[in-house]
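Here is the structure we will look at.
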Amino acid sequence: MEEEYLKLMNEALMSGARQRNRTGIDSFMIPGAMLKFDLQKGFPAVTTKKLAFNAVKGELIGFLRGYTSAAQFRELGCNIWNQNANENQAWLANSNRTGVDDLGYIYSKLWTEMPNPEGESWNQISRLIRDIRADPTSRRLIVSAWHPEVFHKAALPPCHVLFQVILDQEEKVLHLNMYQRSCDLFLGVPFNIASYSLLAHMLGRMTGYTPKWFTWFGGDCHVYENHVEQVWTQLSREPLPPPQLSLEMGTAIENDNIALVEPENISLINYNHHPPLTAPMAV
């Protein structure tokens with residue numbers, strides 16, 4: 001499963017166009033890509049470096065709970081929102097920022113409190129689970145985080161902008177597709193693949209389906225120039241067999257609330273990986 005991801009990074013380095021961007025750090029970009037992962041053959045955690053899985057599960061749980069403070073994410077074991085909350089100069093100067101650690105209208109707010117024209121809000125995740133149960137033939141099982149009218153109130157507009165659930169009723173399996181507009185191939189994409197694969201497992205448990213295919217669609221797929229050395233190191237490594245996911249959702253299922261899953265209820269079994277590779281995040 002990992003080989004196609006590595007091939008995409010290699011393509012970006014070998015043939016990507018050098019691009020300027022808002023971060024001030026040039027990137028090597030290719031437009032448009034797709035990766036598919038069979039979730040029944042293992043959990044797609046990257047093995048050619050160590051995946052920060054504690055941060056993956058903490059962030060996803062924070063999204064499902066509607067958290068909008070970096071402090072809340074830290075309590076769940078996820079530190080990746082600290083810089084966007086407290087070091088992004090445009091956000092620090094934004095009058096909509098309420099104070100230290102505030103993130104505003106990020107994914108979690110849009111997933112669980114999507115505003116409508118009448119000034120009310122609704123929980124897209126709850127509605128998705130309801131609709132999966134009520135109308136499994138629907139091709140509208142979509143959660144969107146793209147709401148340009150509120151981006152001035154956000155530390156960062158969403159990179160992964162929507163996901164769709166597709167159900168195979170005969171086989172009783174759940175497929176999940178995700179579209180990501182901006183794709184940091186070294187730091188972000190392995191994290192995002194793991195996050196949405198975990199979400200597919202969680203949604204499957206809540207609705208009685210077995211997760212099968214996770215399909216990732218990328219828009220602007222890039223490697224930052226200050227990640228190049230680490231990427232070459234990663235490309236020199238042989239992928240290892242994928243781990244298995246251990247997921248306990250008893251409390252969430254009993255209370256019909258997916259947000260009740262706790263980080264300690266989620267783990268990877270037999271996760272073997274190469275040494276960690278670190279690089280700065282472009283903010």
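The values are calculated or read from the model by the stated rules, or taken from the named source; none is laboratory data. Here the structure is a predicted model, which is why all the values come from computation and not from measurement. Glycine also receives a Cβ, built like all others from the backbone with ideal geometry; neighbour counts cover every protein chain displayed. Keep in mind that these areas ignore ligands, DNA and RNA; they rest on the heavy atoms of the full protein, side chains included. Shrake-Rupley method; radii C 1.70, N 1.55, O 1.52, S 1.80 Å.
So which residues in the range 37-75 are assigned to a loop (DSSP other than H, G, I, E, B) and closer than 24 Å to Pro276 by Cβ?
Residues satisfying the conditions are Gly42, Phe43, Pro44, Ala45, Val46, Thr47, Thr48, Lys49, Lys50, Leu51, Ala52.
Can you find, within the range 267-283, the residue that is most open to solvent (accessible area, probe 1.4 Å) among those that are modelled with pLDDT of 95 or more and in a loop (DSSP other than H, G, I, E, B)? Before you say what the answer is, go through the steps one by one.
Step one: filter the range 267-283 for residues modelled with pLDDT of 95 or more, giving 267-277.
Of the ones still in play, those that are also in a loop (DSSP other than H, G, I, E, B) are 270-277.
Working: Asn270: 118, Tyr271: 45, Asn272: 96, His273: 67, His274: 45, Pro275: 78, Pro276: 84, Leu277: 34 Å².
Among them, the one singled out is Asn270.
Quickly run through the range 214-264 and pick out the residues that are among the charged types (D, E, K, R), farther than 23 Å from Phe73 by Cβ and open to solvent by 60 Å² or more (accessible area, probe 1.4 Å).
Just the residues of the range 214-264 that are among the charged types (D, E, K, R), to begin with: 220, 225, 229, 237-238, 248, 254, 256, 262, 264.
Applying the additional criterion that residues be farther than 23 Å from Phe73 by Cβ yields 220, 225, 229, 237-238, 254, 256.
Of everything in the range 214-264, those that are among the charged types (D, E, K, R), farther than 23 Å from Phe73 by Cβ and open to solvent by 60 Å² or more (accessible area, probe 1.4 Å) turn out to be Glu225, Glu229, Glu238, Glu254, Asp256.
Quick check: anything in the range 84-93 open to solvent by 60 Å² or more (accessible area, probe 1.4 Å), touching a residue at least 60 places away in the same chain (Cβ under 8 Å) and part of a loop (DSSP other than H, G, I, E, B)?
Quick first cut of the range 84-93, residues open to solvent by 60 Å² or more (accessible area, probe 1.4 Å) only: 87, 89-90, 92-93.
Imposing the further condition that a residue be touching a residue at least 60 places away in the same chain (Cβ under 8 Å) reduces the set to 87.
Now restrict to residues that are part of a loop (DSSP other than H, G, I, E, B): 87.
Taking every residue of the range 84-93 in turn, at least one turns out to be open to solvent by 60 Å² or more (accessible area, probe 1.4 Å), touching a residue at least 60 places away in the same chain (Cβ under 8 Å) and part of a loop (DSSP other than H, G, I, E, B).
Taking the condition of a type in the set (S, T, N, Q), touching a strand residue (DSSP E or B) at 6+ places or on another chain (Cβ under 9 Å) and touching a residue at least 40 places away in the same chain (Cβ under 8 Å), does Gln244 pass?
The answer is yes for Gln244.
Which of the strands (runs of 3 or more DSSP E) found entirely inside the range 150-266 contain at least 1 residues meeting this: touching a Cys at 6+ places or on another chain (Cβ under 6 Å)? So that I can check it myself, show each step before the final result.
Values: elements: 160-168, 173-184, 210-224, 244-247.
Output list reads 173-184, 210-224.
Mind checking whether some residue in the range 145-158 is in contact with a strand residue (DSSP E or B) (Cβ under 8 Å, 6 or more places away or on another chain), surrounded by 19 or more Cβ atoms within 10 Å (Cβ to Cβ), aliphatic (A, V, I, L, M) and within 16 Å of Leu128 (Cβ to Cβ)?
The answer is yes; a qualifying residue exists.
State whether one or more residues within the range 50-63 are open to solvent by 10 Å² or more (accessible area, probe 1.4 Å), more than 21 Å from Pro211 (Cβ to Cβ) and either touching a His at 6+ places or on another chain (Cβ under 9 Å) or without any contact (Cβ under 8 Å) to a residue 12 or more places away in the chain (or both).
Scanning the range 50-63, I find at least one residue that is open to solvent by 10 Å² or more (accessible area, probe 1.4 Å), more than 21 Å from Pro211 (Cβ to Cβ) and either touching a His at 6+ places or on another chain (Cβ under 9 Å) or without any contact (Cβ under 8 Å) to a residue 12 or more places away in the chain (or both), so the answer is yes.
Looking only at residues in the range 127-141 that are in contact with a helix residue (DSSP H, G or I) (Cβ under 8 Å, 6 or more places away or on another chain) and open to solvent by 50 Å² or more (accessible area, probe 1.4 Å), which one is farthest from Met206 (Cα to Cα)?
Taking the candidates together, the pick is Arg140.
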